[in-house]
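The values are calculated or read from the model by the stated rules, or taken from the named source; none is laboratory data. Note that the structure is a prediction, hence the values are computed from the model and not measured. Because the Cβ atoms are built from the backbone with ideal geometry, glycine has one as well, and the counts that use them run over all protein chains shown. When the accessible area is computed, the model is the full protein with side chains, heavy atoms only, and any ligands, DNA or RNA have been set aside. Shrake-Rupley method; radii C 1.70, N 1.55, O 1.52, S 1.80 Å.
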Amino acid sequence: MAKNSGRNEGRTDPGRTLALLWRDYHGPARNARGPKQGLTVDRIVDAAIHLADEEGLAALSMRKVAEPLGVSTMSLYTYVNGRAELVNCMFDKILSESPSLDGVEDGWRAALERYARGAHDIALRHPWVPPLMSSRMLMGPHETAVWDGVLRAVSGTGLDERDMLAVVNLVNGYVRGAALQDADSRQDERRGGLSHQEWFERTGPELERLIPFTRFPTLTRVWMTGVFEEPGSGFGADGGFEFGLQRVLDGVERYVDRCAADRAEGGREEGGRADLRDPSSPAADAGTTTGRDVSSG
């Protein structure tokens, strides 16, 4: 990662970056206008996002961001402290594209479906985003709003706070994995110049000639159905995203139902113990009566 004029491009001052991210709430972290009239943090971030979308995050540099804006590289440092801070601002800006979960009427599962599909769509539009989803990005207002919305949706499950967070992290992990797999596939197409179908048509006959299929009967059975030749290797055009999402949410739903049953069972047990401890309760009275009947018998 290139350095510019002794500035640290790989690290950032958390306090400065957070102030920049939250500038619309607490005032600008630094001068709102610099030496170039009309240049703003938002314009710089938008130019950086466009560059990353076109060429990838590895191609991002302060110099390349400055070029289409018609300013010098050094003038950008009036607004952002370096590349790392700029990437953090880009990530938060992209999350403003997340769909709102307000008004989802079909419960927590429908809300998580909308959340996951929205995150996946963002990753497809901006392939440089998925690797950042598990990195130490400082939380700006858009990411904070996304977290608040999805946790509010998951709160409808009745799970405790630790499990609520675990569910969201599970869905995030699935979305990130699916997005990275899709990005890898598209990168393979760009590098090799072949679509999945073209690649399979070229390599399939050679594989069929070389693989001793009698030694691999299960693979042979699946292979002969032709599913490997289909888009997404049998999962459809979305690469199996929807299939996987539903299986993840099936597991979450089963866990939610089990926790609800455990709570109900615990409540019944606790209620029974409370009744027996309360002399005025019918259960306590019944127990006393039974005791007298036994002794008298």
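If you scan segment 72-88, which residues turn out to be β-branched (V, I, T) and out of contact with any Leu (no Cβ under 6 Å at 6 or more places or on another chain)? Correct list: T73, T78, V87. Residues of segment 189-245 that are loosely packed, with under 14 Cβ neighbours inside 10 Å, at pLDDT 75 or above and either touching a strand residue (DSSP E or B) at 6+ places or on another chain (Cβ under 6 Å) or part of a loop (DSSP other than H, G, I, E, B) (or both): G193, S195, I211, P212, F216, T225, G226. Any idea which residue in segment 153-188 is modelled with the lowest pLDDT, counting only those that are open to solvent by less than 60 Å² (accessible area, probe 1.4 Å) and not in a helix (DSSP H, G or I)? Across segment 153-188, the extreme among qualifying residues is G158. Of all the listed residues (M90, M62, M74), the sole one being farther than 28 Å from G244 by Cβ and either open to solvent by less than 60 Å² (accessible area, probe 1.4 Å) or free of Cβ contacts under 8 Å to residues at least 24 places away in the same chain (or both) is M62. Restricting D13, D24, D53, D46 to residues that are within 25 Å of E97 (Cα to Cα) and modelled with pLDDT under 95 narrows the list to D24.
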